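Read through the structure below, which is laid out as structure tokens, and then see the notes.
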Amino acid sequence: MKVYLTSSLLLTLVRSSRKLKIQKLLLEALDSHQRFFTSSFSIHLLLQGLEEIDVTKKKQILGFLEDLTDTIFELDTESLRTQILMSETCDLEMAIALKEGMEEVFVDLEREVTSLPLLVVRNFFGETK
């Protein structure tokens, strides 16, 4: 299964007190042969959320994400168009995941995120709080 890792999940993986629980769930997903993907946009959002850390740590995080994921997708105009057309049901990260053929998207948000017909949303917040 192809899984898109959002910036909310990545930020939790780096900064939250729940990161060990998240790591365990991600390892279980890897053991069940799920493949992880993300985008340059999601990494940009992550790094913006980590603005207080130094450049060396940001480079380490980028290297970790390159190792964790099969591919880091680029932000393109097709994804932007998809998000504009579906703005009530998906954000830009979900639009990228849809465009790239992901089957599932992992988020970590307090608010409810609705799955789409072609994209299942798994919210780690409820699983790890």
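Structure values in brief
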{"quantity": "Estimated distance in nm for a label pair at residue 55 and residue 100, the labels positioned 7 Å out from Cα along Cα-to-Cβ", "calculated": "2.6"}
{"quantity": "Calculated Cα Rg over 2.2 N^0.38 Å (choose from (1) 1.97; (2) 1.00; (3) 0.94), label", "calculated": "(2)"}
{"quantity": "For the chain, with +1 on Lys and Arg beta carbons and -1 on Asp and Glu, the positive-most of 101, 117, 26 along the dipole", "calculated": "26"}
{"quantity": "Relative contact order of segment 2-128, pairs being alpha-carbon contacts under 8 Å that are 6 or more residues apart, as %", "calculated": "32"}
{"quantity": "Within segment 2-128: Cβ-based charge dipole about Cα centre, in debye rounded to nearest 20 (Lys, Arg +1; Asp, Glu -1)", "calculated": "340"}
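Computed from the coordinates by the stated procedures, all read-outs in this text should not be read as laboratory data. Treat the numbers as computed from the prediction; the structure is a model and nothing was measured. Because the Cβ atoms are built from the backbone with ideal geometry, glycine has one as well, and the counts that use them run over all protein chains shown.
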